[in-house]
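Working notes, structure below.
The values are calculated or read from the model by the stated rules, or taken from the named source; none is laboratory data. Small disclaimer: the values here were computed from a predicted structure and weren't measured. For neighbour counting, all protein chains shown are included, and Cβ atoms are generated from backbone atoms with ideal geometry for every residue, glycine included.
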Amino acid sequence: MDLLGRSYLKDSDLNAEEYEAVLDLAARLREEKRSRRERRRLEGRTIALLFEKTSTRTRSAFEVGARDQGAHAVYMGPGETQFGVKESTKDTARVLGRMFDGIEFRGFRQSDAEELAAYAGVPVWNGLTDRWHPTQSLADLLTMRDHARRPLRDLSVCFVGDGAANTCASLLVAGALMGMDVRVAAPAARQPAPSVLAEATTLAAASGGSVRVTDDPHAAVAGVDFLYTDVWVSLGEPDELWDERIDLLLPYQVNVDLVEATGNPHVRFLHCLPAFHDTHTEIGRRVFEKRGLRAMEVTDDVFESPASAVFDEAENRLHTVKALLVATLAGDGG
């Protein structure tokens with residue numbers, strides 16, 4: 001694996017061997033951290049965290065991962081810089097690239113991530129844009145490998161719900177890259193973009209994987225190893241979409257009936273979080289008061305069940321981000 005100095009803007013920026021190597025490194029770094037014998041490989045590095053969108057897991061993963069490895073992370077939150085207001089993306093890239101060893105970007109436009117990478121002169125890592133969420137899929141695939149204890153090429157996963165979202169796009173492309181059986185169950189209006197589906201289909205043909213998109217959730221989940229869903233209105237989209245998305249996506253809710261439709265007693269549930277599985281959030285309470293729904297994309301009895309691997313998945317954001325930092329700033333980790 002030779003990722004030194006490279007950016008990671010979308011899942012297919014890595015080939016299959018590189019992707020597997022990053023997952024192997026993440027597993028090794030996880031074991032080092034848990035056994036309190038972590039070796040610091042990034043002493044003296046400084047990392048910029050440029051956030052247009054708020055975050056829990058992405059920010060935590062980059063800050064803790066950098067600190068664990070001896071680097072210093074500087075968080076620049078929404079409205080805290082001149083980015084996009086008084087200073088162009090290109091100019092921001094050239095300034096930050098002279099002061100930092102790498103830049104994490106979490107923002108609205110994939111084009112901004114690409115422009116940062118083109119002009120910064122240092123690695124840029126995509127923490128989420130409108131098109132892709134590639135650091136999430138690294139954690140997803142590590143979690144699948146952990147729980148199934150089988151090679152990724154032998155595993156199947158079905159994303160159910162908003163198939164047009166960035167999380168689904170990354171899961172589809174990453175899974176296809178790694179030779180998995182990847183399925184998407186979504187209504188026609190919210191299925192993956194044709195360009196995403198075309199890329200995933202091409203990758204699957206090369207890797208021996210398979211890609212399937214349907215509007216029939218019960219047929220799609222038959223026999224799968226993993227069920228995956230995400231919120232129905234993504235960060236940055238207007239709250240006014242909730243009624244429309246609930247009407248459209250309620251038939252795609254992950255509930256006990258859908259879990260049973262897999263026919264797999266060992267199926268595991270995944271979610272990138274945050275999840276609307278109860279009424280303990282402001283949005284959850286508002287939807288309950290208006291629509292009488294206690295859960296949206298996943299019911300609480302699934303989310304809190306033994307089948308749920310969501311918090312292993314959340315922890316793996318740290319280990320996979322750390323592996324990405326080490327690989328691109330220091331080499332393969334030794």
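Data table
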item	result
Residue match in region 135-158 (condition: over 21 Å from Val259 (Cβ atoms), hydrophobic (A, V, I, L, M, F, W, C) and in a loop (DSSP other than H, G, I, E, B))	no
Members of region 166-190 found to be under 16 Å from Asn15 (Cα atoms) and without any contact (Cβ under 8 Å) to a residue 40 or more places away in the chain, listed by number	Leu172, Gly175, Ala176, Met180
Residues of region 35-60 that turn out to be under 24 Å from Glu237 (Cα atoms) and not acidic (Asp, Glu), as a count	11
Residue tally, condition of a type in the set (Gly, Ala, Ser) and touching a strand residue (DSSP E or B) at 6+ places or on another chain (Cβ under 9 Å), over region 275-313	5
Test result for Glu43, surrounded by fewer than 17 Cβ atoms within 10 Å (Cβ to Cβ) and free of Cβ contacts under 8 Å to residues at least 40 places away in the same chain	yes
Selection count where residues are farther than 19 Å from Thr320 by Cβ and part of a loop (DSSP other than H, G, I, E, B), scope region 118-132	4
Members of region 182-226 found to be touching a Ser or Thr at 6+ places or on another chain (Cβ under 7 Å) and closer than 17 Å to Leu250 by Cβ, listed by number	Ala185, Ala220, Val221
Test result for Asp11, at pLDDT below 95 and either touching a helix residue (DSSP H, G or I) at 6+ places or on another chain (Cβ under 9 Å) or within 25 Å of Ser111 (Cα to Cα) (or both)	no
Any hit, region 57-64, residues being surrounded by fewer than 17 Cβ atoms within 10 Å (Cβ to Cβ), within 17 Å of the chain's Cα centre (by Cα) and in contact (Cβ under 8 Å) with a residue 40 or more places away in the chain	yes
Candidate set: region 93-117, residues that are in a helix (DSSP H, G or I) and in contact with a helix residue (DSSP H, G or I) (Cβ under 7 Å, 6 or more places away or on another chain); chosen: the one surrounded by the most Cβ atoms within 10 Å (Cβ to Cβ)	Leu116
Top-ranked residue in region 275-334 [being under 29 Å from Arg145 (Cβ atoms) and basic (Lys, Arg); ranked as surrounded by the fewest Cβ atoms within 10 Å (Cβ to Cβ)]	Arg317
Hits in region 34-80 - residues which are assigned to a helix (DSSP H, G or I) and closer than 16 Å to Ala330 by Cα	Phe62, Gly65, Ala66, Arg67, Asp68
Some residue of region 207-230 being in contact (Cβ under 8 Å) with a residue 24 or more places away in the chain, closer than 15 Å to Val173 by Cβ and among the aliphatic types (A, V, I, L, M)	yes
So Gly163, is it small (Gly, Ala, Ser) and either in contact (Cβ under 8 Å) with a residue 60 or more places away in the chain or part of a helix (DSSP H, G or I) (or both)	no
The one condition in (1) within 19 Å of Leu141 (Cα to Cα); (2) touching a residue at least 60 places away in the same chain (Cβ under 8 Å); (3) touching a His at 6+ places or on another chain (Cβ under 7 Å) that Val310 fails to fulfil	(2)
